[in-house]
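K.L.:
What follows is a single structure, and I will ask about it in a moment.
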Amino acid sequence: MSKEYISANAYCRRIFGCKVYKLSLSAATTCPNRDGTVGFGGCVFCSADGSGDFAAPAVLPLNKQIEDAKKRLGNKGEGLRYIAYFQSFTGTHGDLAHLEQIYLQAVEHPEIVGLSIATRPDCLGENAIAMLERLSRLKPLWVELGLQTIHEETAKRINRCYSLDVYKRAMDELKKLNIHRITHVIFGLPGESHQDMLETTAYVGQCTDGIKLQLLHVIEGTALAESYRRGDFEVLKADEYYQIIADALKILPDSVVVHRLTGDGAKKDLLAPLWSADKKKVLNNMNRVLRLNEIYPVL
Ligand code: SF4
């Protein structure tokens, strides 16, 4: 039986009536898993800049970050529309008044049609939720949570430092706001089987509005890189990853927006899997496997 899924592009056209580009920006400068609030050292796969590999440093004024991000996209045309994507670290942790001021600058920018804020489910207390609610009244707001896996053993292995029930409570709380909730899932985490990854997909599919599926990248300088060099685990082969993606898409509810089918790690720091460095080739081969499985994006 064939299956269709809603891509990010299709979703944006539906919501904004046009193609929308994402600008990777920075506001937060740390996360509770690095500053000692819940842990030190961070998640084992996370790069030094808090997984904001393409975002400008948070010290730069927002307008400068926006102009730089537009240049990186190569977009010189007038009339283009953007989502301000605050990707680095934890976007609702730390000085909320300062963060809100930066988000408001983005909201006020005439070319920015919506905001996307990446955070952790354990950083959504009363004040953070109130801030998100205020922002959501101004422009469409997406909140992105890095769950990666539902399996507690893996969560310990990757030093995520919160449990699954915290994610579930956060998703329920966010549902009360008028926002689009996106969950990040990583395939290929150490110790996980194909079945484990599909269990995560099935669970997340029942909780979320959108999903980002990502291949585990081993990045130089991370704890994961040390573990990989010791031979503690193997990374996924290309064909394995494509088949997991196909099987995951088959079990996701039709309403879930698929924002990403693979990651975008910084190539210069990628230790493994090296086959993933050629994104164009990866997408071509993945689309071939998806077509063989009769899986198509909604246009
Ligand atoms: S992935 Fe997010 S929560 Fe984990 S260390 Fe990086 S910034 Fe912190």
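K.L.:
Quick check: pseudo-label points 7 Å beyond the Cα along Cα→Cβ at residue 229 and residue 1, how many nm apart are they?
P.N.:
4.9
K.L.:
Please report the antiparallel percentage of DSSP beta bridges with both residues in the stretch 3-294, rounded to the nearest 5.
P.N.:
On the way: 2 of 35 bridges.
Rounded to the nearest five, the antiparallel share is 5 percent.
K.L.:
Right, here's the next one. Say the cut-off is 28 Å between C-alpha atoms; which of 3/70; 70/156; 64/176; 3/237; 175/250; 64/139 go over it?
P.N.:
Numbers: 3/70 34 Å; 70/156 38 Å; 64/176 34 Å; 3/237 24 Å; 175/250 24 Å; 64/139 21 Å.
Violating the 28 Å limit, Cα to Cα: 3/70; 70/156; 64/176.
K.L.:
Now for a separate question. Based on other C-beta atoms within 10 Å, arrange 99, 270 from fewest to most. If you can, show how the numbers build up before the last one.
P.N.:
Details: 99 23, 270 17.
Ascending Cβ contact count within 10 Å gives the list 270, 99.
K.L.:
What does the net charge come to around residue 293 if you take all other residues with beta carbon closer than 13 Å to its beta carbon, with K and R at +1 and D and E at -1? Provide the component values of the computation, followed by the final result.
P.N.:
Numbers: positive: 3, 250, 288, 291; negative: 4, 239, 247, 294.
Around residue 293, the charge tally is 0.
K.L.:
Which whole-angstrom value gives the distance between the alpha carbon centres of the stretch 145-159 and the stretch 235-299?
P.N.:
The stretch 145-159 and the stretch 235-299 have Cα centres spaced 20 Å from each other.
K.L.:
Whole Å is fine, so just give me how far the alpha carbon centre of the stretch 1-66 lies from that of the stretch 81-111.
P.N.:
When both Cα centres are located, 11 Å separates them.
K.L.:
Stokes-Einstein diffusion coefficient for the stretch 255-299 at 25 °C in a medium of 0.890 mPa s, Rh from the Kirkwood formula over Cα pairs: what value in µm²/s? Don't skip to the end; give the middle numbers.
P.N.:
Details: Rh = 12.2 Å.
Answer from the Stokes-Einstein relation: 202 µm²/s.
K.L.:
Which value, in Å³ per residue, describes the convex hull spanned by the Cα atoms of the chain? Working shown, then result.
P.N.:
On the way: hull volume 37.8 nm³, N = 299.
Hull volume normalised by residue count: 126 Å³.
K.L.:
Rank the residues 86, 40, 16 as a footprinting-exposure proxy: fewest other Cβ atoms within 10 Å of their Cβ go first. Working shown, then result.
P.N.:
Values: 86 29, 40 11, 16 14.
With the fewest neighbours first, 86, 40, 16 line up as 40, 16, 86.
K.L.:
Can you sort 31, 161 so the residue with the fewest Cβ neighbours within 10 Å comes first?
P.N.:
On the way: 31 27, 161 20.
Starting with the residue having the fewest Cβ neighbours, the order is 161, 31.
K.L.:
To the nearest 20 Debye, how big is the dipole of the stretch 7-135 about its Cα centre, given +1 on the beta carbon of each Lys and Arg and -1 on that of each Asp and Glu? Present the calculation step by step, with values, prior to reporting the outcome.
P.N.:
Numbers: 13 positive and 13 negative charges, 134 e Å.
Magnitude of the dipole: close to 640 debye.
K.L.:
Could you work out the local net charge near residue 103, counting Lys and Arg as +1, Asp and Glu as -1, over the other residues with Cβ closer than 11 Å to its Cβ?
P.N.:
Numbers: positive: 134, 139; negative: 100, 108.
Overall, the nearby charge balance is 0.
K.L.:
Can you give me the relative contact order of the stretch 3-294 as a percent, contacts being Cα pairs under 8 Å and 6 or more apart? Present the calculation step by step, with values, prior to reporting the outcome.
P.N.:
Working: 491 pairs, mean separation 54.8, N = 292.
Across the stretch 3-294, relative contact order equals 19 percent.
K.L.:
Specify the longest stretch of the chain that does not include any exposed loop site, a site being one of the trypsin sites (Lys or Arg not before Pro) with a non-H, G, I, E, B DSSP assignment and at most 11 other Cβ atoms within 10 Å.
P.N.:
On the way: sites that count: 19, 76, 137, 176.
Answer from the scan: 177-299.
Every read-out reported here was derived from the displayed coordinates using simple, explicitly stated rules and does not represent laboratory data. These numbers come from a predicted model, not from an experiment. Every residue, glycine as well, gets a Cβ built from its backbone with ideal geometry; the counts of neighbours run over all protein chains shown.
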